[in-house]
Amino acid sequence: MEPFTRLTAVAAPLLRDNIDTDAIIPSREMRSVSKTGLADGLFAGWRYIGIGTRDLDPAFVLNQPAYADTRIILGGANFGCGSSREHAAWALAEYGIRAIVASSFNPIFQGNCIRNGIVPVTLDPEAITSLAAALAPDPQALRITVDLPTQVLIGSDGIAHAFQIADEAKEMLLDGLDAIDLTLKRRAEIDGFITADRARRNWVYPS
């Protein structure tokens, strides 16, 4: 997983509450259990004019030229609600999304984002509205910065917004670790426990 430290990138406003995982990646777009091949299906119900087609809807924000290089999404409340499908985070990551800013997240989706290198930034609705209002047609003005070490988001207007993130989630994102990698950072402690436990309960361990 690619580590995340600081990102300055185009941010696309998708200011809708309750964007569920079926909107992020419709079930019809999930044809395998692989993490790849999902980007084309991201927001398929909104990006394309008809079901089963790849005819772009020009009204959808990610199809507009100014947002072609979007890496950050500004969303509404309860982002990622609905089913627990991890395909939603996989599709976002494969498309290139590295951060989502919302006033709240579904907890399972939030965890899936962290395990796939996407920073879930929680801000007040008023702050998100202000960030979206500052965006302009000039591509440079569409850029915002997410600085994970300092836990600060800087809008295109230069205003800084502090955000909170759990220590373990921050460590995983900064170091590019999945849950197994995070556990293996304590390999010495694990090996020490096994050695001591083998001495105490040798009968538990096969010879």
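The numbers here are math on the coordinates, done by the rules we state, and not lab data. Quick caveat, the model's predicted, so the values are computed rather than measured. Methodologically, a virtual Cβ is constructed for each residue, glycine included, from the backbone with ideal geometry; neighbour enumeration extends over all protein chains shown.
Under the condition of being more than 15 Å from SER83 (Cα to Cα) and under 18 Å from the mean Cα position of the chain (by Cα), the residues counted in region 19-37 number 4. List the helices (runs of 4 or more DSSP H) inside region 1-108, counting only whole elements, that have at least 2 residues being crowded, with 19+ Cβ neighbours inside 10 Å. The helices (runs of 4 or more DSSP H) meeting that bar are 21-24, 87-95. Hydrophobic (A, V, I, L, M, F, W, C) and part of a strand (DSSP E or B): is that true of LEU153 in this structure? Taking the combined requirement at face value, the residue satisfies it. In region 137-194, of all residues being small (Gly, Ala, Ser) and closer than 18 Å to ASN112 by Cβ, the one that is surrounded by the most Cβ atoms within 10 Å (Cβ to Cβ) corresponds to ALA169. Within region 46-85, the residues that satisfy the criterion of being polar (S, T, N, Q) and under 30 Å from GLY111 (Cα atoms) are ASN63, GLN64, THR70, ASN78, SER83, SER84. Can you find a residue that is in a loop (DSSP other than H, G, I, E, B), touching a strand residue (DSSP E or B) at 6+ places or on another chain (Cβ under 8 Å) and polar (S, T, N, Q) anywhere in region 122-140? Within region 122-140 (the criterion being in a loop (DSSP other than H, G, I, E, B), touching a strand residue (DSSP E or B) at 6+ places or on another chain (Cβ under 8 Å) and polar (S, T, N, Q)), the answer is no, since none of the residues qualifies.
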